[in-house]
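Written below as structure tokens is the structure these notes are about.
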């Protein structure tokens, strides 16, 4: 085990109907004015907004609201929320939706207590150290955002998709009710599975040191995702599978998988972020294209790890067979595995490589994300 | 997945030499007066106390100290610590040692802010809701106490071994440096392994509902404990194995294993506590005797679970073969598996059954822990 710090103060309230108690949870922290953030008006039509609003008002909590968050959430919406929160003197932000809503909520919470431009936090000009309290009711399992402090936002003006991470941007309480996640389409379920896989494999297939205990821990997550996705595609109402899928998603990116490892990277997320910023493909769909293509590049650097993955997850013997098996599984569940399937034009490769290389230089990672590497990965995805 | 709440705010600082930064960690929380709790003067002789004291004084933190905590820690020592902490107006308690030291530290921290008798918390007369801040530097991996809010203390007067659990008794920061744990004797390493197994099996073999994801999670802990114990018995200085053993121990009782399960119990801990309160046997040694004996009783209630355990952990086919394999492994690593090996007189069985049954009645669990059940378990351990 390499040295590490582990800290995750988020409280998870998991189970049926727990969204109806959100007002009680929030009032336990003495908070009185909440900005509710959501996406489309689906949450109004299906009653979720009303359930939550009722619980808040029963606990004497005043409500402001901000709808219209889109997937691959944008900076302009964050600015809008910050204005609202400042004007209303909100003391908490409650995200009602999926990852994009919670990303937006976290960025609003950080920006609302900062005098400068919140984008400073995304471009390393400033470090966020405080924020309004953050709460969430998750309607989609994939990002792990409910139990981590990441927020990913796209700056429409610069077309940059960047992230922040601060000790202040952990949700205080997140509600995970698998029933609320049962209405996701089959398509998005597959994208979610691909997202969880990417969170896990970005670490598992890059760490230069991976303790056996953590390897087993991540493999248990991956097996759970495969098993439960297969069940849910046939039986969307299966609560047990939905619940395990949700909890595996949370655990795939709540920092437990990073304990004691060395030198992990976020290759596929880094590459995909530019793809979805340019072409607005769903993040998970972008990842199911990038991951196998990237694996063909990466397998040469950690051959034993790739063999282990192949054996443990798909019971096949070689790195290539493991990659094929993953690709086949993505196809089976309906996630795209080529640029063409994702409607990404091959002519865009050069431009994406250039953009990514600029970003890599900004992070001082241009040796790692060389143009050769990036081009090879995209070519593997043709 | 059944409904659950998960909350664990403890920050873990894991790695070599991190005890030398404890003053820095504590000062991050603005604390100024620390009561250091420890056991024998071994921590003074081996330099650990000085390392920690130096770090505290460099951070302008005043020190009081309380040594002499014994294993199966006693209430009189807790009272002593409470007096000291109150007199010195301590704002934090730092445990320097193993589980007993941290149990004592937690009880002192809870008692120091309470006007009544701290034993009230152990006997359900009062609920602890606040405490001094708790820190730890762990010299033994076994209890998981570094990342949970349990404290177990024996009342010498009544010979009761009881526990508390409060939201206030989570350590704020725990240092886990595997090197500090490398001097444990082979005997105590085996007892520690048995303790971790018992934490895991008490849940895994009693929960009436166990999600597949959690089953896999716990099996990964158990396999890690077997693998690393076997390595360490031959090679005590193996840092990687020592580190994985430590982290598996932490994860076995930090509430992650309880997520989404139903109706778990602490049978073997309940039974063993009386055994060690009466005969002062090491807790882990008591558990290696009780666990297989209890499994012979329990296997009839969850036969499929026991078959799974046998297959997944020891690659054998039946419940009985699984129990035999565990018993053989305990013997191989030097942990006792019979009352005789633990120097517990068979004549004591009746008295222990009576005591346990009184405790069971107090908890309203006398139907579960019937005299027949308790007697059978002890007889199985002959």
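The values are calculated or read from the model by the stated rules, or taken from the named source; none is laboratory data. The shown structure was predicted, so the numbers you read here are calculated from the model rather than taken from an experiment. Glycine also receives a Cβ, built like all others from the backbone with ideal geometry; neighbour counts cover every protein chain displayed.
For the reader, a short list of remarks on this structure follows.
- Filtering the stretch A:240-260 to residues that are at the interface with another protein chain (Cβ under 8 Å from one of its Cβ atoms) and in a helix (DSSP H, G or I) leaves A:240, A:243, A:244, A:246, A:247, A:248, A:256.
- Residue B:225 being more than 28 Å from residue A:260 (Cβ to Cβ), under 16 Å from the mean Cα position of the chain (by Cα) and either modelled with pLDDT of 95 or more or surrounded by fewer than 24 Cβ atoms within 10 Å (Cβ to Cβ) (or both): no
- Yes/no for residue A:359 being more than 22 Å from the chain's Cα centre (by Cα) and within 18 Å of residue A:160 (Cβ to Cβ): no
- Any hit, the stretch B:198-211, residues being within 12 Å of another protein chain (Cβ to nearest Cβ), under 14 Å from the mean Cα position of the chain (by Cα) and surrounded by fewer than 22 Cβ atoms within 10 Å (Cβ to Cβ): no
- Residue match in the stretch A:281-292 (condition: part of a loop (DSSP other than H, G, I, E, B), over 18 Å from residue A:359 (Cα atoms) and assigned by TED's automatic domain parsing to the domain that holds residue A:209): yes
- Residue match in the stretch A:7-27 (condition: more than 14 Å from chain B (Cβ to nearest Cβ) and surrounded by fewer than 18 Cβ atoms within 10 Å (Cβ to Cβ)): yes
- Residue in the stretch A:160-170 that is in a helix (DSSP H, G or I), modelled with pLDDT under 95 and out of contact with any strand residue (DSSP E or B) (no Cβ under 7 Å at 6 or more places or on another chain) present: yes
- With a requirement of 2 or more residues that are without any contact (Cβ under 8 Å) to a residue 60 or more places away in the chain and not assigned by TED's automatic domain parsing to the domain that holds residue A:260, the strands (runs of 3 or more DSSP E) lying completely within the stretch A:1-82 that satisfy it span A:62-66.
- Enumeration of residues in the stretch B:105-159 that are under 22 Å from residue B:26 (Cα atoms), assigned to a loop (DSSP other than H, G, I, E, B) and more than 16 Å from the chain's Cα centre (by Cα): B:112, B:113, B:129, B:130, B:131, B:132
Matching residues to (1) in contact with a strand residue (DSSP E or B) (Cβ under 9 Å, 6 or more places away or on another chain); (2) more than 25 Å from residue B:209 (Cα to Cα); (3) assigned to a helix (DSSP H, G or I):
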site: B:304; (1), (2), (3): no, no, yes
site: B:311; (1), (2), (3): no, no, yes
site: B:328; (1), (2), (3): no, yes, yes
site: B:337; (1), (2), (3): no, yes, no
site: B:348; (1), (2), (3): no, yes, yes
site: B:353; (1), (2), (3): no, yes, yes
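- Checking each residue in the stretch A:261-273 for being part of a helix (DSSP H, G or I) and at pLDDT 90 or above picks out A:267, A:268, A:269, A:270, A:271, A:272.
- Flag if residue A:93 is under 21 Å from the mean Cα position of the chain (by Cα), closer than 18 Å to residue A:165 by Cα and outside any helix (DSSP H, G or I): yes
- Within the stretch B:51-60, the set of residues being farther than 18 Å from residue B:177 by Cα and touching a helix residue (DSSP H, G or I) at 6+ places or on another chain (Cβ under 6 Å) comprises B:58, B:59.
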